[in-house]
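Here's the structure, in structure tokens; my notes come after.
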Amino acid sequence: MTSIHLDNIVKKFGDFTAIQTMNLEVRDGEFLALLGPSGCGKSTTMNIIAGMETPTHGTVKFGERDITHVPMQKRGVGFVFQNYAIFTHMSVYENLAYGLRMNGTPKAELDRKVQEIAEFLELTAILHRPSAGLSVNILQRLAIGRSAILEPSIFLLDEPLSNVDAAFRAVMRQELKQLQRNFKQTMVYVTHDQLEAMTMADRIAVMDHGVLQQVGTPIDVYNNPRNLFVAQFLGSPGMNLLPGALADRGGDMFVDLELGGSIALKGSDAQAGRAAKSRDVVCGFRPEAVQFDDAGVSLSVTFVERIGARTIVHMGKGAASVKAVFDNKVAVNVGDQTRIAPQDNAIRLFAAQSGESLQVA
Amino acid sequence: MTHSSPQTSNAAKDAPKSRLGLWLTLPAQLLILFVAVFPLLMQLYLSFSDWTPLAGRSWTRAHELWIGFWNYSDLFADPRFWGALWRTMIVIGIAVPVEFLLGLGLATLFMQDFRGKKVLYSTLLVPMMIVPAVAGYMFFLLFQSDGPINGLLSALTGLDVSIRWLTDPDLAIFAVMIADIWQWTPLMFLILLAGLLGVPREQLTAATLLGASPWQRFRTIVLPKIKVIIVIALAIRVIEVFKIFDTLFIMTAGGPGTATETISVFFYKIMTLELAWSYVAAAGLVILIALSILAVAAMYFLPKSKEAGK
């Protein structure tokens with residue numbers, strides 16, 4: 001097992017900066033998800049770890065060892081491609097044996113290891129089939145097995161589930177997580193699917209525009225987004241973000257919302273409000289943390305999505321909109337006037353100018 | 001028939017359909033008959049006779065000069081034929097592999113990025129587009145005893161080099177092969193480049209990550225994926241070597257003596273100088289059969305099912 005350290009990594013492609021000064025540590029045996037929208041630099045980050053790209057600045061270390069300029073065939077990382085990149089002209093056996101064959105492993109040992117990994121990944125029955133035309137879940141296991149047979153201490157996975165249809169993804173997620181538990185490697189998993197990141201990862205690293213936005217456990221990142229991007233990107237639907245101004249009325253802190261009405265701040269929220277440098281803030285709260293409150297903000301219902309167990313209620317006033325998630329028993333209709341407020345301890349304050357969280361961690 | 005099973009009704013439906021197919025393909029079939037089958041039969045017919053243009057009768061009456069398999073037995077006993085075949089084999093055995101290796105090397109080079117790639121690419125393709133007769137004249141002049149090639153060799157070695165490229169019976173075949181390599185390496189390069197471009201990059205990267213060296217990647221990934229293309233490229237060139245004519249004829253006219261007389265030049269000379277047309281018809285058929293066997297052998301290397309070579 002090995003930890004991965006990215007120190008001050010910068011990657012430029014001509015004038016385009018793919019990664020801006022990134023520092024990230026992936027711990028020993030950890031499953032880290034690199035999460036972000038397309039073009040955020042997550043794949044580039046992974047390619048730098050794998051050695052397919054050389055960083056413009058900065059160093060990459062595996063444990064204590066600086067491997068920034070070590071060529072990719074000598075890094076010994078396992079890599080699973082988005083399309084698996086199975087050698088289609090070879091059989092399942094030959095695919096699994098490839099790495100061992102390249103490093104000149106004696107035939108008896110090679111055969112034993114292939115049998116072993118095939119057993120483990122339940123590929124024994126199809127070991128001598130051609131690898132072209134196999135189903136995706138077999139291809140995925142084969143791609144993992146092909147790398148795992150070399151017992152790499154680091155495993156990198158590049159959106160391995162993006163070609164899989166939705167119904168099958170849940171199965172594959174479970175399978176992947178199970179495999180990681182068994183192999184106990186340090187895993188970096190690139191995805192744009194927050195559900196994958198949330199369900200599988202020990203920690204999530206959220207990226208946007210080449211900048212690492214936040215690193216933390218899935219729950220921590222979800223509950224305490226460090227800035228507006230993370231708040232909006234995570235969650236489905238994302239966090240409600242309402243601009244407003246801080247107001248101190250006789251020692252009690254409020255946010256006077258632009259759309260009218262105000263929200264009271266309590267406890268640590270009030271403290272954070274008092275410590276804020278600027279009065280202009282964005283008040284955030286999760287759709288799940290919305291409750292009906294006669295003293296709350298007045299909005300009209302614009303759209304109701306009933307999706308089985310949950311009901312997503314869209315509310316708005318002018319350009320501002322709020323989404324709320326209730327169970328399926330909620331009785332609201334389009335056009336209703338409602339008053340809502342965030343639940344206690346659900347408010348997250350962000351500085352309007354920088355977008356950074358005002359909460360003291 | 002009042003009672004009919006589903007099978008017979010299907011057959012009844014299919015019969016007129018297949019007859020329609022026959023009618024629709026008839027024009028094409030007639031065309032093939034005239035383009036391919038008719039000349040072949042004509043050649044076969046002539047090869048059993050002693051007919052020449054001086055025989056005083058139309059070729060359609062060649063059966064009056066019927067000699068059975070005489071042309072064939074003559075041919076197999078003709079040292080000039082075997083000599084021509086041997087020289088053709090030398091070109092196949094030396095020039096084609098050189099063209100292949102050069103083409104493969106260049107194609108591999110063009111998979112990397114380097115400065116001046118586009119200019120070099122267009123320059124490389126020029127020889128292939130030059131009319132072979134013109135190329136023949138070019139090399140005829142280049143290979144003169146006092147020509148530029150000897151001039152260059154003199155300048156490089158500091159000696160007075162005057163190699164008789166085209167008039168020395170041992171060297172002339174090499175001069176011809178050099179011209180052939182110059183002209184046809186670009187074709188090999190183009191075909192193999194297309195093959196290399198079709199090798200999935202991700203699989204190469206995957207192989208690299210699994211620890212494969214460049215040579216291992218070439219042997220285990222690239223070669224199996226372009227195997228079919230290599231077979232096709234080699235087959236095209238081998239067949240073309242049997243047809244080498246214009247460049248060679250202008251450079252040496254098959255000489256000195258018969259030192260560069262390959263199969264096509266042999267045919268041409270027998271036809272124009274000895275007017276033994278029926279003899280050439282027999283020889284042509286033998287070569288055709290030999291090439292067909294070769295083509296079938298090449299098919300052996302092609303993938304047997306769809307999954308290979310993806």
Phi-based couplings in Hz for region A:82-90 (Karplus 6.51, -1.76, 1.60; Gly and Pro marked x): 3, 9, 6, 6, 5, 6, 5, 8, 10
Per DSSP, the loop-located trypsin sites (Lys or Arg not before Pro) within region B:96-199 having at most 12 other beta carbons within 10 Å are B:ARG115
Over region A:220-317, what is the mean sequence separation of C-alpha contacts under 8 Å (at least six apart), divided by residue count, expressed as relative contact order in percent? 22
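Given the C-alpha atoms of chain A, compute the convex hull and give its volume per residue in Å³. Could the numbers behind the result be given before it?
Details: hull volume 59.2 nm³, N = 361.
Per-residue hull volume (Cα only) is 164 Å³.
Where in region A:1-47 are there trypsin sites (Lys or Arg not before Pro) that are in a DSSP coil and have at most 10 other Cβ atoms within 10 angstrom of their Cβ? Intermediate values should be presented prior to the final figure.
On the way: sites: A:LYS11, A:LYS12, A:ARG27, A:LYS42; in loops: A:ARG27.
Sites meeting the loop and neighbour criteria: none at all.
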Averaged over residues of B:209-219, the number of beta carbons from other chains lying within 10 Å of each residue's Cβ is 6
For the residues A:ASP327, A:ASP256, what sequence is obtained by ranking on other C-beta atoms within 10 Å, fewest first? A:ASP327, A:ASP256
So which residue, out of B:PHE267, B:PHE242, B:PHE69, gets the largest mean-square fluctuation from a GNM of chain B using Cα contacts under 10 Å as springs? B:PHE69
Amide proton proximity set for A:PHE79, modelled H, under 5 Å, gap of 5+: A:LEU156
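Ranked by Cβ crowding within 10 angstrom, fewest neighbours first, how are B:ILE289, A:ILE48, B:ILE232 ordered? Mind dumping the intermediate values first?
On the way: B:ILE289 10, A:ILE48 23, B:ILE232 16.
By the 10 Å Cβ count, ascending: B:ILE289, B:ILE232, A:ILE48.
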Report, by chain and number, residues whose modeled amide H sits under 5 Å from the one on A:MET22, excluding near sequence neighbours (fewer than 5 apart, same chain). A:ASN8, A:ILE9, A:VAL10
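Based only on Cα atoms, what mean projected area does the convex hull of region A:232-351 have, in nm²?
Mean projected area for region A:232-351: 7.4 nm², to one decimal.
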List the aspartates and glutamates whose Cα lies under 19 Å from the Cα of B:LYS225, skipping any in the same chain that are fewer than 8 positions away. A:GLU94, B:GLU202, B:GLU307
Determine ³J(HN,Hα), in whole Hz, for all residues of region A:195-201 in sequence, where each value follows from phi through the Karplus function 6.51 cos²θ - 1.76 cosθ + 1.60 and θ = phi - 60°; x replaces Gly and Pro. 4, 4, 5, 4, 7, 9, 7
HN-Hα J couplings of region B:263-270 from phi, Karplus 6.51/-1.76/1.60, θ = phi - 60°, integer Hz, Gly and Pro as x? 3, 5, 5, 4, 4, 4, 5, 4
Per DSSP, loop trypsin sites (Lys or Arg not before Pro) in region A:300-353 with at most 13 further Cβ within 10 Å: A:LYS329
Per-residue average of Cβ from other chains inside 10 Å of B:38-50: 0
Least to most buried among A:SER153, A:SER278 (fewest other Cβ within 10 Å first): A:SER278, A:SER153
Do any of A:LYS74/A:LYS184; A:LYS42/A:LYS74; A:LYS12/A:LYS74; A:LYS11/A:LYS277; A:LYS177/B:LYS227; A:LYS42/A:LYS184 go past 32 Å between their Cα atoms, and which? A:LYS11/A:LYS277; A:LYS177/B:LYS227
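Using only the Cα atoms of chain B, build the gyration tensor, take square roots of its eigenvalues as a ≥ b ≥ c, and label the shape rounded, prolate or oblate: rounded if a/c is under 1.5, else prolate if a/b is larger than b/c, else oblate. Walk me through the numbers before you get to the answer.
Working: a/c = 2.62, a/b = 1.11, b/c = 2.37.
In terms of gyration-tensor shape, oblate.
Laboratory data are not the source of any read-out in this text; all were calculated from the coordinates shown. Just so it is clear, the model here is predicted, and its values are computed rather than measured. Methodologically, a virtual Cβ is constructed for each residue, glycine included, from the backbone with ideal geometry; neighbour enumeration extends over all protein chains shown.
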